[in-house]
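The values are calculated or read from the model by the stated rules, or taken from the named source; none is laboratory data. From a predicted model like this one, the values you see are computed outputs, not experimental measurements. Using ideal geometry, Cβ is built from the backbone for each residue, glycine included, and neighbour counts are taken over all protein chains shown.
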Amino acid sequence: MTPIKNLSLLTTKLKKLIIYRDFLEDQLIKKILKIIKQLKTDSSNSPELIDDYYYLYSQLIEFGVNKKINGNLWQSYLLNKLLTAKNIFTLSSERLGSKLGSSLQQAALHDLKIIQELYHLDLNSLAELLATEPPKLIQNFTPVETEKKSTQALEQLHKNFKQGAIKQLSKELIDYYHQQGAAKLNQYKAFRWSSKQGLVGINNPDPIEFSDLIGYHQQQKKLIENTQIFLNKQRANNVLLIGASGTGKSSSVKALVNKFAQAGLRLLEINKQQLRELPQILELLKKRGLYFIIFMDDLSFEDFETEYKYLKAIMEGGSEVKPKNVLFYATSNRRNLIKEKWSDRDPESGEIHPGDGREERHSLVERFGLTIRYQSPDQQEYLKIIEKLAAKEQLPIAKEKLREEALQWELWNNGRSGRTAQQFINHLKGRLALQNSKT
């Protein structure tokens, strides 16, 4: 059979995809199909076909650089598309795992056999038919000379495709989707909400870990334990972290997703204006197989703002039930979240039952089953944080000098807090580096 007939047979098989039909809409796969189709009739040195061929290469190189992929770019591109696909098989695998029905598994197996042939497509064979010199670099691509980066999932897929172990591959894909999620959920671990786009992945989430946070170990222990209970499919509490600014409340929540992302935890950050959209958000999340913390940072309400009622109703007491795979975590500098005025306590304010108003304001906090308090450090605690941060950065400065400058810094700037300590260390590190560069 001639090379062009082999390629034509591949295009026919691709049209028989059942589950992964979105592959046919992929721009690079469409470009390959177009080249093969036109090769049947056009001359091999058609300028348009040559242009399409090198466009294909340019896009693969861009993919390799952006994803930091080593090795065969075409094969990795195809497998990355497989891992991030969103269809009835991947979404069902995410929710059901090993309980997935055999019919869906058979349909996926049918498609994987076809995709395996596409995986083994040698782009150099297209170059020969086009009578052009094929670039060699995408066969063994290295975006950075010193970097050897590839995910375990991608490496295992390569192994199974090369060995022809399609049945094993199907089982491993089901496990992968079940543990790491399908589509966006295995590409990102933190999201923000968009009214138009839904879940929007955060490309550069804060990489902070609990080992980076100094102090507040008891608070962190409570937060971690509650999250572990949640991930263990037991009833856990919504959490409110209250305390002074800069004490590490938000950082603690962000550290959670870095610690438990591989266990299926995802973070979705919303603002208080989006609380009206909670029914829509929850309708989406309850259909997914992973676990979500809906995170509201620096949450507080003025006395005229009523968005908190949407949150209160969903957390407890409303007709809309919170899904089992969702918890609410919030941070605030206010103890009661809703602003209080002296007139609220004034018996002559005009309100017949002023106590009812106070109960209404306090009721939101009560919906958070676990309240964790982060107090501002005293002077000794502040200096202890400074010393640990300085030791971590290996700053060449005497202890007494360090403590003296740290106390001056907190007086001149934002008072004592973990954030202030980190800002001082950043300044000190930069200043010492500048002094060294001048000597």
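Worth a mention:
- Of all residues in the stretch 6-20, none satisfies being under 25 Å from the mean Cα position of the chain (by Cα) and under 18 Å from Leu123 (Cα atoms).
- Residue count for the stretch 173-215 satisfying the condition of being assigned to a helix (DSSP H, G or I), at pLDDT 90 or above and either of a type outside the set (Gly, Ala, Ser) or surrounded by fewer than 16 Cβ atoms within 10 Å (Cβ to Cβ) (or both): 12.
- Restricting the stretch 229-251 to residues that are modelled with pLDDT of 90 or more and in a loop (DSSP other than H, G, I, E, B), the residue that is surrounded by the most Cβ atoms within 10 Å (Cβ to Cβ) is Asn238.
- Test result for Asn87, in contact with a strand residue (DSSP E or B) (Cβ under 9 Å, 6 or more places away or on another chain) and either closer than 21 Å to Tyr188 by Cα or at pLDDT 90 or above (or both): no
- Selection count where residues are among the aromatic types (Phe, Trp, Tyr), closer than 17 Å to Glu381 by Cβ and surrounded by fewer than 17 Cβ atoms within 10 Å (Cβ to Cβ), scope the stretch 400-420: 0
- Screening Ile18 against (1) under 16 Å from Asp111 (Cβ atoms); (2) buried (at least 17 other Cβ atoms within 10 Å of the Cβ) leaves a single unmet condition, (2).
- Residue within the stretch 396-413 that is over 20 Å from Ser251 (Cα atoms) and among the small types (Gly, Ala, Ser) present: yes
- Single residue of Leu275, Leu223, Leu256 found to be assigned by TED's automatic domain parsing to the domain that holds Asn333, in contact with a Lys or Arg (Cβ under 9 Å, 6 or more places away or on another chain), on the phi < 0 side of the Ramachandran plot and buried (at least 16 other Cβ atoms within 10 Å of the Cβ): Leu275
- Considering the stretch 117-133, and only residues there that are surrounded by fewer than 17 Cβ atoms within 10 Å (Cβ to Cβ) and not aliphatic (A, V, I, L, M), the residue that is farthest from Leu154 (Cα to Cα) turns out to be Thr132.
- Total residues in the stretch 47-85 satisfying the condition of being part of a helix (DSSP H, G or I) and within 23 Å of the chain's Cα centre (by Cα): the figure is 14.
- Listed by position, the helices (runs of 4 or more DSSP H) enclosed by the stretch 324-439 that each have at least 2 residues that are of a type in the set (S, T, N, Q), modelled with pLDDT of 85 or more and touching a helix residue (DSSP H, G or I) at 6+ places or on another chain (Cβ under 8 Å) are 418-438.
- For the stretch 86-135, no helices (runs of 4 or more DSSP H) sit wholly inside it while including 2 or more residues that are under 25 Å from Leu290 (Cβ atoms), of a type outside the set (Asp, Glu) and not assigned by TED's automatic domain parsing to the domain that holds Leu28.
- Filter result (closer than 20 Å to Asn66 by Cα and modelled with pLDDT under 80) within the stretch 143-163: Pro143, Val144, Glu145, Thr146, Glu147, Lys148, Lys149, Ser150, Thr151, Gln152, Ala153, Leu154
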